[in-house]
1. Among (1) under 14 Å from Thr214 (Cβ atoms); (2) surrounded by fewer than 23 Cβ atoms within 10 Å (Cβ to Cβ); (3) β-branched (Val, Ile, Thr), there is one condition Ile303 misses while meeting the rest; what is its number?
2. When the residues of segment 241-285 are filtered to those that are in a loop (DSSP other than H, G, I, E, B) and among the aromatic types (Phe, Trp, Tyr), which remaining residue is farthest from Ala16 (Cα to Cα)?
3. Checking Lys310 against (1) open to solvent by 30 Å² or more (accessible area, probe 1.4 Å); (2) touching a residue at least 40 places away in the same chain (Cβ under 8 Å); (3) outside any loop (DSSP other than H, G, I, E, B), only one condition comes out false. Which one?
4. Would segment 184-194 turn up any residue that is of a type in the set (A, V, I, L, M, F, W, C), under 30 Å from Glu350 (Cα atoms), touching a strand residue (DSSP E or B) at 6+ places or on another chain (Cβ under 7 Å) and not in a strand (DSSP E or B)?
5. Taking the condition of being touching a strand residue (DSSP E or B) at 6+ places or on another chain (Cβ under 8 Å) and charged (D, E, K, R), how many residues in segment 236-245 meet it?
6. Pick out the one residue from Phe298, Phe359 that is of a type in the set (Phe, Trp, Tyr), over 19 Å from Thr279 (Cβ atoms) and either open to solvent by 40 Å² or more (accessible area, probe 1.4 Å) or modelled with pLDDT under 90 (or both).
7. Within segment 328-356, restricting attention to residues that are more than 23 Å from the chain's Cα centre (by Cα) and touching a residue at least 60 places away in the same chain (Cβ under 8 Å), which residue is most open to solvent (accessible area, probe 1.4 Å)?
8. Working only within segment 247-276, note down all residues that are touching a strand residue (DSSP E or B) at 6+ places or on another chain (Cβ under 9 Å), farther than 20 Å from Thr328 by Cα and free of Cβ contacts under 8 Å to residues at least 60 places away in the same chain.
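The values are calculated or read from the model by the stated rules, or taken from the named source; none is laboratory data. These numbers were taken from a predicted model, which means no experiment stands behind them. Every residue, glycine among them, receives a Cβ derived from its backbone with ideal geometry; neighbour counts consider all protein chains shown. SASA here: full protein model, heavy atoms, side chains in, ligands and nucleic acids out. Shrake-Rupley method; radii C 1.70, N 1.55, O 1.52, S 1.80 Å.
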Amino acid sequence: MINLAFFVTSHGYGHAARSCAIMQTFLQKLADIHFLIFSETPEWFFKDSLPKNSFTYFKVFTDVGLAQRSPFEEDIPQTLELLKKYFPFKPQKINDLARLLKRFQVKLILNDISALGILAGKKAGIPTVLIENFTWDWIYGHYGRQFPELLPFIDYLASIYQSVDVHFKARPFVVNNKRAIETTPIARPARNSASVTRQALQLNADKPVVLISTGGIITRHRFVSELKKIKDFYFIVPHDVAKMERDDNLVVLPHHSPFYHPDLVAASDLVVCKAGYSTVAEAYLHQKKIVLVNRPFFPESAIIESFVKKNLAGVVITPQTFNEGRWTHYMNEVLQKKEAPRAKVTSGAEVVVKNLEAFLN
């Protein structure tokens, strides 16, 4: 049995989704493989994406990331309080994890921007891998002038990231690091066809399907009741409800939905989402059009906006436009946009696994 460890930051679900795409690809290539997952992303998220008994989950605080007030607004003062509380990581925590990793004879430690796994790997003498489209030192650097207390944490994280054995940058990435191996967007493929998912949602093929997705933060959208008036479209809306609700042209899903998110993307004609990595990557993999909600103060947002405009025939709107439901005015415009034909794309997870196979032999 080959054991691999994944340390995954819990800032939203995008990093976990990207890690799951890589784990899925490993499982396709190697039958005798098991994953140790260290994260505070809920265990159910990994269970939804990975086969039973393919991983062992450890609920471990691996990262501060960014505190957020809403899906579109970060809280830097609260982030600073958390950084002061948890960073630098305590030597005892690093030593305990290193012993655990050695006990399981872990071959390789993959880190989706969590620095903790890199430190534990160095302590244990196990090769470490960084997978990113941004790193936290780069994000914090954009707030450093206004919040100079961030500077020691920026230096601390930068030195850790620079120590990895292998570094992958997944498009759309923010820094063109020459040492890193570039990949296409990394995303989970759908399991079911669009027709199978639409049938399960009781959606006919007579009108376009619009998916609204705001990532890992539970949200109640003020505009939901208004969507029932737009009869020319079906809408799928993850929302703060206990169970799935079906009402004419509207499907409202709970935060932890029985439907696999990549299946929802594949079944949709248009995706309305925040400027976060995983939903954009899944839309790219499944060749869907996008109405993108920007995050005006989040540094990664501009990079994702540019990628969406260039590659997904998308338009970009503000959080206010989204929250007020005025994004519906853009649906026909985006769906009618002409696109240049493009070849079928494969997930960048293939590049990651191919380059890491040598470590496993």
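1. (1)
2. So in segment 241-285, the residues in a loop (DSSP other than H, G, I, E, B) come out as 241-244, 248-249, 254-260, 268-269, 275-276.
Now drop any that are not among the aromatic types (Phe, Trp, Tyr), which leaves 259-260.
Values: Phe259: 17, Tyr260: 14 Å.
Applying the filter and picking the extreme gives Phe259.
3. All conditions pass for Lys310, except number (2).
4. To start, the set of residues in segment 184-194 that are of a type in the set (A, V, I, L, M, F, W, C) comprises 186-187, 190, 194.
Those left that are additionally under 30 Å from Glu350 (Cα atoms): 186-187, 190, 194.
With the extra rule that they be touching a strand residue (DSSP E or B) at 6+ places or on another chain (Cβ under 7 Å), the set shrinks to 186.
Add one more test, that the residue is not in a strand (DSSP E or B), and what stays is 186.
Yes, segment 184-194 contains a residue that is of a type in the set (A, V, I, L, M, F, W, C), under 30 Å from Glu350 (Cα atoms), touching a strand residue (DSSP E or B) at 6+ places or on another chain (Cβ under 7 Å) and not in a strand (DSSP E or B).
5. The first filter runs over segment 236-245 and keeps only residues touching a strand residue (DSSP E or B) at 6+ places or on another chain (Cβ under 8 Å), leaving 236-239, 241, 244-245.
Next, from what is left, pick out any that are charged (D, E, K, R): 245.
So the answer is 1.
6. Working: Phe298 fails: over 19 Å from Thr279 (Cβ atoms).
Being of a type in the set (Phe, Trp, Tyr), over 19 Å from Thr279 (Cβ atoms) and either open to solvent by 40 Å² or more (accessible area, probe 1.4 Å) or modelled with pLDDT under 90 (or both) holds for just one of Phe298, Phe359, which is Phe359.
7. Step one: filter segment 328-356 for residues more than 23 Å from the chain's Cα centre (by Cα), giving 328-343.
Now drop any that are not touching a residue at least 60 places away in the same chain (Cβ under 8 Å), which leaves 328, 331, 334-335.
Working: Thr328: 28, Met331: 4, Val334: 0, Leu335: 48 Å².
Result: Leu335.
8. Pro254, His255, Ser257
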